[in-house]
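K.L.:
Got a structure for you, questions after.
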Amino acid sequence: MSFSITTTTAPTPAARRAEILADPGFGRFFTDHMATAEWTVDEGWQELRVRPLEPFSMHPGVGVLHYGQEIFEGLKTYRHADDSLQLFRPDMNAARFARSARRLALPEFPPELFLEAMDELVRIEADWVPPHGDEASLYLRPIEFASEAFLGVRSSRTATFCTVASPAGAYFTGGVRGIRLWVTTKYTRAAVGGTGDAKCGGNYAGSLLAQTEAQEQGCDQVLYTSGPPERRILEEAGTMNIVLITRSGKLVTPGLGTILPGVTRDSLLTLAPEHGLVPVEREIPLPELVDGCRSGEIVEVFAAGTAAVITPIIALAGDGFEVTVGAGEPGPAGLALREHLLGIQHGDLPDPRGWMRRVC
Ligand code: COI
């Protein structure tokens, strides 16, 4: 099985593409093609295609529209100095996509087909990958959803896989200067046994009201906690994992379970020792974060994600508290890890673990 390729007859004019790549923002523009595949319970995966981007036509009764049976991924393509196009740890996304599918009772999209879909889409959209030396990249967004028209509550007997591509600059404008997080104790994101560790649209739909609350409080994004009010445990932020640096040289991040197992999070835990930091995954009670920022025991906080890369957190606020992190500016450990990660991704620093996958 492999993908058939149909090239668009109406590509975006080169001048318009250049204009978009000069200031892509995040998620505002789409390239000219998409990769798609269809699944049925009887036939399995078929109709593997890379074809011109076009709207889906769907029956109003399809499962995804009623019960949100949907998953997604996010990964980036980088142009290296030798003009090759490379993906960062796409095997991690392929594996997580399969795990998310399992949790949402969708059919697993085989990891080898996932990688092939990414490769073929990147090849056909090569001109959309921003130049080397630019911090921008081409973001790939695979999705899978229930496509059977049926109103009973059971898993769909048909599913659609699709990947679109979108040139991506910074997720937060001015993000490297640092952002503020609002710690919500009103809304929770996930519970033990729920879908918190799956990358499904519903987790993000449920987060939008909390994100609005954060913005009303003058913050850039929400930080979730779980557990009883008197002993809140940190979870993750709206679109990224959270990482603390302690005065004693530890890189501490919440353990897996109800949070998204982020690719950037995993990469930072792996790189930490090279920066003289001891990686620690454990429960972090909210009072430890607040008191630690006040006492200076916590010297840096940052967020990590594919879209957000590493975004410094310079202040946190919540019900009845407001704290500045460190000196209220991005800290050296976060910035050094950011440079390291971006250096590997853009091909400017050694990649001893073979994290990059050369597409072409
Ligand atoms: C990513 O970082 O790739 C994500 O999927 C976060 C997002 C929902 C923008």
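The values are calculated or read from the model by the stated rules, or taken from the named source; none is laboratory data. Given the structure is predicted, the values throughout are model-derived calculations rather than measurements. Reconstructed Cβ throughout: ideal geometry from the backbone, glycine too, with neighbour counts over all protein chains shown.
K.L.:
The conditions are (1) more than 13 Å from the ligand (Cβ to nearest atom); (2) surrounded by fewer than 21 Cβ atoms within 10 Å (Cβ to Cβ); (3) closer than 24 Å to Asp197 by Cα, and Ser156 fails exactly one of them. Which is it?
P.N.:
(2)
K.L.:
Check region 23-46 and report whether any residue there is part of a helix (DSSP H, G or I), in contact with a strand residue (DSSP E or B) (Cβ under 9 Å, 6 or more places away or on another chain), buried (at least 17 other Cβ atoms within 10 Å of the Cβ) and among the acidic types (Asp, Glu).
P.N.:
no
K.L.:
Could you grab me the full set of residues in region 135-153 that are surrounded by fewer than 16 Cβ atoms within 10 Å (Cβ to Cβ) and in a strand (DSSP E or B)?
P.N.:
Ala149
K.L.:
Go through region 255-333 and tell me which strands (runs of 3 or more DSSP E), entirely inside it, have 2 or more residues that are outside the structural domain of Thr212 (by TED's automatic domain parsing). Can you show your working first?
P.N.:
Values: elements: 278-281, 298-305, 309-318, 321-324.
Output list is empty.
K.L.:
Can you tell me which condition Leu268 does not meet? The list is (1) surrounded by 14 or more Cβ atoms within 10 Å (Cβ to Cβ); (2) under 24 Å from Asp319 (Cβ atoms), and all the others hold.
P.N.:
Here Leu268 clears every test but (2).
K.L.:
Here is a list: Arg154, Arg89, Arg102. Which entry is closer than 30 Å to Gly257 by Cβ, touching a residue at least 60 places away in the same chain (Cβ under 8 Å) and out of contact with any Cys (no Cβ under 6 Å at 6 or more places or on another chain)? Don't jump to the end; show me each part of the working.
P.N.:
Numbers: Arg154 fails: touching a residue at least 60 places away in the same chain (Cβ under 8 Å); Arg102 fails: touching a residue at least 60 places away in the same chain (Cβ under 8 Å).
Of the residues listed, the single one that is closer than 30 Å to Gly257 by Cβ, touching a residue at least 60 places away in the same chain (Cβ under 8 Å) and out of contact with any Cys (no Cβ under 6 Å at 6 or more places or on another chain) is Arg89.
K.L.:
Identify all residues within region 151-185 that are more than 18 Å from the chain's Cα centre (by Cα) and at pLDDT below 90; write none if there are none.
P.N.:
Answer for region 151-185, where residues must be more than 18 Å from the chain's Cα centre (by Cα) and at pLDDT below 90: Gly174, Arg177, Thr185.
K.L.:
Condition first: away from the ligand (no atom under 15 Å from the Cβ) and among the small types (Gly, Ala, Ser). Now tell me which residues in region 216-240 satisfy that.
P.N.:
Hits for region 216-240 are Gly218, Ser226, Gly227.
K.L.:
Additional query: Which of the residues spanning region 188-208 are within 13 Å of the ligand (Cβ to nearest atom) and either assigned to a helix (DSSP H, G or I) or at positive phi (or both)?
P.N.:
So in region 188-208, the residues within 13 Å of the ligand (Cβ to nearest atom) come out as 189, 198-208.
Gly201, Gly202, Asn203, Tyr204, Ala205, Leu208, listed by residue number.
K.L.:
Tell me, please, whether a residue that is without any contact (Cβ under 8 Å) to a residue 12 or more places away in the chain and within 30 Å of Ser84 (Cα to Cα) can be found in region 200-217.
P.N.:
For region 200-217, residues without any contact (Cβ under 8 Å) to a residue 12 or more places away in the chain and within 30 Å of Ser84 (Cα to Cα): absent.
K.L.:
Please identify the pairs in which a residue from region 19-44 that is within 16 Å of the ligand (Cβ to nearest atom) has its Cβ atom under 6 Å from the Cβ atom of a residue that is of a type in the set (Val, Ile, Thr), counting only partners at least 6 apart or on another chain.
P.N.:
Pairs that qualify, where the first residue is within 16 Å of the ligand (Cβ to nearest atom) and the partner is of a type in the set (Val, Ile, Thr), are Phe29/Ile20; Phe30/Val164.
K.L.:
Here's another thing I want to ask about it. Could you run through region 334-360 and say how many residues are among the basic types (Lys, Arg) and assigned by TED's automatic domain parsing to the domain that holds Val263?
P.N.:
Residues of region 334-360 among the basic types (Lys, Arg): 338, 353, 357-358.
Filter once more, keeping what is assigned by TED's automatic domain parsing to the domain that holds Val263: 338.
Here the count works out to 1.
K.L.:
Can you find, within region 116-134, the residue that is nearest to Arg49 (Cα to Cα) among those that are under 21 Å from the mean Cα position of the chain (by Cα) and part of a loop (DSSP other than H, G, I, E, B)?
P.N.:
The extreme case among them is Glu125.
K.L.:
Which count do you get for residues in region 159-178 that are away from the ligand (no atom under 16 Å from the Cβ) and either surrounded by 19 or more Cβ atoms within 10 Å (Cβ to Cβ) or part of a loop (DSSP other than H, G, I, E, B) (or both)?
P.N.:
Total meeting the criteria: 5.
Okay, residues lined up against (1) in contact with a Pro (Cβ under 8 Å, 6 or more places away or on another chain); (2) under 20 Å from Pro90 (Cβ atoms); (3) at pLDDT 95 or above:
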site	(1), (2), (3)
Met1	no, yes, no
Gly25	no, no, no
Arg51	no, no, yes
Val62	no, no, yes
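K.L.:
To continue, here is another question. Do we find that Thr185 is farther than 30 Å from Glu38 by Cβ, outside the structural domain of Pro254 (by TED's automatic domain parsing) and in a loop (DSSP other than H, G, I, E, B) in this structure? Full working, then the answer.
P.N.:
Values: farther than 30 Å from Glu38 by Cβ: yes; outside the structural domain of Pro254 (by TED's automatic domain parsing): no; in a loop (DSSP other than H, G, I, E, B): yes.
For Thr185, the condition - farther than 30 Å from Glu38 by Cβ, outside the structural domain of Pro254 (by TED's automatic domain parsing) and in a loop (DSSP other than H, G, I, E, B) - is not met.
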